[in-house]
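*Asks:* Quick one: structure below, then a few questions.
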Amino acid sequence: MLGLGNSIESYTALDSAYNKFALSFDGTNDFVDTGASFQSTFRNSFSVSCWQNTSSYTQTDTLWGVSSDDNNFIKLFQRGAGRKLCFQFKANGSNSRQETASAEFDADDGLNGAWVNWVITATKTGTGSSNITVKIFKNGSDVTASSALSSGCTAANQGAFAITHNVSIGAFNNAGSAANLLPGLIDEWAIWSVALDADAVAAIYNSGVPFDLTSDKGDYDNSSDLVAFFNFNEGSGTTATDLVAGRNGTLTNGPTYSTNIPG
């Protein structure tokens, strides 16, 4: 496009017209039940992306997550007074926890009322004692801290990850009970069965304008690796459609559609 080759494509009018709605959460009791645990996906390399817009924060607010017990859970959340974004994955009692290099939830940071794209990538190496590698990307850039809080989740234990509940968006599904609910807006939640490379992550950011991830675009060539994609463009009702597998997610306790969208 315009001689850019495989570099990030400039967003087009079509991209701007694609997205119509986001979901607004009150942070009290509403969330999306995705209708799936994604257990098999989390047992191997994977990536998860979403867009977030939040102007008020409480420690441990969770963008998405699920647990079955203290030994098997996965979540993306704000960690403590340091106000960093943290990703934690514990499989078969084996724990890995990674965070951003700096605070992301203070008034001086870009997340205060602005749309941000987050992508988590987890790379599994082999099947034995090698630890998984986790990266956190903000708006297409790697913002991972130089050292992990914990990096002990081995490939063998990841392969034994056991979840019997569905992933929640806008909350942490704590063994069937909604916890750590997030106030604010979330849009364009997607999960892939591969660890996306940095070029693909930057392409997904697309200068701040989401696009349909079920089709390749520029350096994003992973549409065939999508496991689920909820774009929340329904605009009404209580059903969120997965554009990949056709499963239905459920808007629970009244998250509402908003025209405050990325881009």
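*Asks:* Filter region 145-169 down to the residues that are among the small types (Gly, Ala, Ser) and closer than 30 Å to ALA240 by Cα, then identify the one that is nearest to the chain's Cα centre (by Cα). Show your work before the answer.
*Replies:* To start, the set of residues in region 145-169 that are among the small types (Gly, Ala, Ser) comprises 145-148, 150-152, 155-156, 159-160, 162, 168.
From what is left, the residues that are closer than 30 Å to ALA240 by Cα are 159-160, 162, 168.
On the way: GLY159: 21, ALA160: 22, ALA162: 20, SER168: 11 Å.
Residue satisfying both the conditions and the ranking: SER168.
*Asks:* Can you confirm whether LEU181 is part of a strand (DSSP E or B) and either open to solvent by 40 Å² or more (accessible area, probe 1.4 Å) or aliphatic (A, V, I, L, M) (or both)? Working first, answer last.
*Replies:* Numbers: part of a strand (DSSP E or B): no; either open to solvent by 40 Å² or more (accessible area, probe 1.4 Å) or aliphatic (A, V, I, L, M) (or both): yes.
No; evaluated as a whole, the condition is false for this residue.
*Asks:* Then there is this: Within region 90-107, is there a residue that is surrounded by 23 or more Cβ atoms within 10 Å (Cβ to Cβ), among the charged types (D, E, K, R), out of contact with any Cys (no Cβ under 6 Å at 6 or more places or on another chain) and within 21 Å of ASN53 (Cβ to Cβ)?
*Replies:* Checked region 90-107: at least one residue is surrounded by 23 or more Cβ atoms within 10 Å (Cβ to Cβ), among the charged types (D, E, K, R), out of contact with any Cys (no Cβ under 6 Å at 6 or more places or on another chain) and within 21 Å of ASN53 (Cβ to Cβ).
*Asks:* Since ASP219 meets every condition but one in (1) buried (at least 24 other Cβ atoms within 10 Å of the Cβ); (2) over 16 Å from TRP118 (Cα atoms); (3) among the charged types (D, E, K, R), which condition does it not meet?
*Replies:* (1)
One line per residue, one yes/no per condition, for (1) assigned to a strand (DSSP E or B); (2) without any contact (Cβ under 8 Å) to a residue 60 or more places away in the chain:
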{"position": "ALA162", "(1), (2)": "no, no"}
{"position": "LEU185", "(1), (2)": "yes, no"}
{"position": "TRP189", "(1), (2)": "yes, no"}
{"position": "ALA200", "(1), (2)": "no, yes"}
{"position": "ASN206", "(1), (2)": "no, no"}
{"position": "ASP212", "(1), (2)": "no, no"}
{"position": "PHE229", "(1), (2)": "yes, yes"}
{"position": "GLY254", "(1), (2)": "no, no"}
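*Asks:* Within region 24-53, work out how many residues are buried (at least 22 other Cβ atoms within 10 Å of the Cβ) and either of a type in the set (Phe, Trp, Tyr) or more than 18 Å from the chain's Cα centre (by Cα) (or both).
*Replies:* Looking only at that region, the number is 5.
*Asks:* Okay, moving on. Among the residues of region 190-208, are any open to solvent by 20 Å² or more (accessible area, probe 1.4 Å), in contact with a Leu (Cβ under 9 Å, 6 or more places away or on another chain) and among the acidic types (Asp, Glu)?
*Replies:* The answer is no, given that none of the residues of region 190-208 is open to solvent by 20 Å² or more (accessible area, probe 1.4 Å), in contact with a Leu (Cβ under 9 Å, 6 or more places away or on another chain) and among the acidic types (Asp, Glu).
*Asks:* Turning to a different aspect of this structure: Return the total of residues in region 172-219 being at positive phi and in contact with a strand residue (DSSP E or B) (Cβ under 8 Å, 6 or more places away or on another chain). Talk me through it step by step, then tell me what you get.
*Replies:* Filtering region 172-219 down to residues at positive phi leaves 175-176, 180, 184, 188, 206-208, 218.
Still in the running and in contact with a strand residue (DSSP E or B) (Cβ under 8 Å, 6 or more places away or on another chain): 175, 180, 184, 188, 206, 208.
Number of matching residues: 6.
The values are calculated or read from the model by the stated rules, or taken from the named source; none is laboratory data. Computed from a prediction, not measured in an experiment: that's the story for all the values here. When we count neighbours, we look across all protein chains shown, and the Cβ atoms used for this are built from the backbone with ideal geometry, even at glycine. For the accessible areas, the whole protein counts, side chains as well, though only heavy atoms, and no ligand, DNA or RNA atoms are used. Shrake-Rupley method; radii C 1.70, N 1.55, O 1.52, S 1.80 Å.
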